[in-house]
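The values are calculated or read from the model by the stated rules, or taken from the named source; none is laboratory data. None of these values were measured; they are calculated from a predicted model. Cβ coordinates were reconstructed from backbone atoms using ideal geometry, including for glycine residues, and neighbour counts include every protein chain displayed.
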Amino acid sequence: MDDIVTEQTGSILRVQLNRPTKRNAMTSAMYLALAGIFNEAANDENTCVVLWHGAGDSFCAGNDIEDFLKNPPGPGESPQAGLMNALVNFDKPLVAAVHGAAIGGGTTMLTHCDFIYAGESTKFQMPFINLAVVPEFGSSCSVPARIGHVRAAELILLGVPFDARRAAELGLVTQVVSDKDALARATETAGKLAAKPAAALQASKRLMKQPFREQIKAAMKAENEEFSAQVRSEDAKEALTAFLEKRKPDFTRNIKSAATV
């Protein structure tokens with residue numbers, strides 16, 4: 001099966017992450033494909049709205065760690081950066097249906113959506129600090145701007161998980177619905193948007209994003225540079241190895257090693 005499935009119904013493009021056995025964890029190839037899909041949709045006059053969801057029991061569990069270790073992103077062009085650019089420049093409505101795991105990039109990618117319908121089972125988390133790296137997709141800028149520094153610190157610096165109800169309280173999702181209704185509710189909203197005048201709809205979103213777009217782009221650039229440096233650190237090596245070995249990481253060993261130098 002293709003890792004990403006698309007289907008055009010009228011002026012609505014449905015995009016499904018399709019690695020259910022891996023909870024739709026993202027590979028480099030998926031980042032490249034998804035960037036291409038969004039860029040093509042942006043330029044396709046027959047597409048007015050994009051509907052985004054995941055197959056199986058999750059939306060997206062973040063990066064596929066094994067693939068990630070083989071292809072760590074650099075500070076410049078990368079598959080991840082390509083998708084970030086596609087999303088920040090995407091001026092058509094983007095509607096997401098989310099359930100199950102929405103971890104790491106599975107949370108931060110959603111910050112670029114206009115409507116997010118979260119099933120009651122959804123578990124969000126930005127655990128970048130736990131892996132000795134930093135947030136991405138501009139979330140170090142957009143999340144504090146939306147919910148305030150103190151609340152953002154809890155999610156980003158502590159990396160705590162939060163459920164759909166908490167996400168709604170923080171204003172990070174549009175509405176909490178039952179898992180079985182999430183895709184139907186998102187599809188209904190996509191249909192309502194597709195019935196609007198397309199040019200005015202796109203112009204309105206563009207105007208809404210205009211004051212913040214350059215800030216988000218600058219944040220993405222800074223994040224990518226910092227991420228590239230941190231992912232090659234001893235702490236990151238320990239965190240990622242521990243993740244694959246299903247054990248708790250020990251960051252004190254690196255402190256001890258540095259102290260003896």
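Being out of contact with any helix residue (DSSP H, G or I) (no Cβ under 7 Å at 6 or more places or on another chain) and surrounded by fewer than 23 Cβ atoms within 10 Å (Cβ to Cβ) is not true of N39. Can you find a residue in segment 204-218 that is assigned to a helix (DSSP H, G or I), of a type in the set (G, A, S) and buried (at least 18 other Cβ atoms within 10 Å of the Cβ)? No, every residue in segment 204-218 fails to be assigned to a helix (DSSP H, G or I), of a type in the set (G, A, S) and buried (at least 18 other Cβ atoms within 10 Å of the Cβ). Against the list (1) at pLDDT 95 or above; (2) within 14 Å of A132 (Cα to Cα); (3) basic (K, R), the condition R232 fails is (1). At least 3 residues being out of contact with any strand residue (DSSP E or B) (no Cβ under 8 Å at 6 or more places or on another chain) and not hydroxyl-bearing (S, T, Y) is the threshold, and among the helices (runs of 4 or more DSSP H) wholly inside segment 135-176 those reaching it are 139-147, 149-156. Restricting attention to segment 106-158, and to residues there that are among the hydroxyl-bearing types (S, T, Y) and buried (at least 24 other Cβ atoms within 10 Å of the Cβ), which single residue is farthest from N85 (Cα to Cα)? The selected residue is T122. Exactly one residue out of L51, L69, L83 is closer than 12 Å to S28 by Cβ and modelled with pLDDT of 95 or more, and it is L83. Where helices (runs of 4 or more DSSP H) fall entirely within segment 64-122, those with at least 1 residues that are within 14 Å of W52 (Cβ to Cβ) and in contact (Cβ under 8 Å) with a residue 24 or more places away in the chain are at 79-88, 105-108. If I filter segment 80-105 down to residues being in contact with a strand residue (DSSP E or B) (Cβ under 8 Å, 6 or more places away or on another chain), small (G, A, S) and more than 23 Å from L193 (Cβ to Cβ), which single residue comes out as surrounded by the fewest Cβ atoms within 10 Å (Cβ to Cβ)? Applying the filter and picking the extreme gives G100.
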